[in-house]
Amino acid sequence: MKLILVLIGLIFISSCRSLTDNSELFYLSHNYESYTSAYIDTIRTIQSVEKEDSVYRIKYKVYELDRIDTITYILKEDSSFQPEYQWNGDCGSAFILADVEEFNLNFKSYKVYKYASNPRAIDGCVTHFWTPGLGVFLVRSTAWRKMRILYSTNEEINKEITSLCRLIWQYPEFYFGCNEKMEIIPNQIFEEFSDWYMNERLKPFEE
């Protein structure tokens, strides 16, 4: 009986394990206010990650100059899962999965999930890029010239993140915008209009 209880305990611990290592983390914040100047700040960050039933609960404690913010993500590698984003315990803004892409780096595959908070806002949308092994490693404002990249005291992880960011930046369809898959005009209506427009343009040549 004792052996069974021990086995159950080990299974529970392994299913709800923390993925945090001993590396110290920080966000490198880039703020480009004009084309000729940039402000870069180092923001100390503490990360804790728990995984239970394939659901990741990722918490970042971000130490700004005048405040401490707690950011929590609840994510899963499943396009049908409803993700959640909390800022200091508040999850009032919409948060959706915008896109997923796979990148290959040094013979290793990374599936990157792109999320959008406030996806329909004109100037308030922010995109969050997550891959399970590295965490939420890139956060970008789609309206303002700001972004944050997650780094640590682990140089090997930093190389992975830097290289992965460079690959993403070369793929503008994935990097830019808030939700590329959100259709402003449904495809069917656009195609019907395009066919009609081309027919109208060709009429003078047919007569």
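The values are calculated or read from the model by the stated rules, or taken from the named source; none is laboratory data. Since the model is a prediction, treat every value here as computed from it, not as a measurement. As a convention, Cβ positions derive from the backbone with ideal geometry for all residues, glycine included, and neighbour counts pool all protein chains shown. SASA here: full protein model, heavy atoms, side chains in, ligands and nucleic acids out. Shrake-Rupley method; radii C 1.70, N 1.55, O 1.52, S 1.80 Å.
A compact table of results
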{"quantity": "Alpha carbon centroid spacing (whole Å) that separates segment 49-80 from segment 104-140", "calculated": "13"}
{"quantity": "Cα-Cα over 18 Å, subset of K76/K159; K108/K159; K111/K146; K108/K146", "calculated": "K76/K159; K111/K146; K108/K146"}
{"quantity": "Relative packing of 99-109, 66-76, which averages over residues the other C-beta atoms within 10 Å, highest first", "calculated": "66-76, 99-109"}
{"quantity": "Rounded accessible area per residue of segment 117-168, 1.4 Å, Å²", "calculated": "45"}
{"quantity": "Under 5 Å, built H, 5+ apart or other chain: amide partners of A94", "calculated": "N118"}
{"quantity": "Surrounding net charge for L28, when Lys and Arg each add one and Asp and Glu each subtract one, Cβ distance under 9 Å", "calculated": "0"}
{"quantity": "In sequence order, calculated HN-Hα J values of segment 47-52 (Karplus, 6.51, -1.76, 1.60; Hz; x Gly/Pro)", "calculated": "10, 10, 10, 10, 10, 9"}
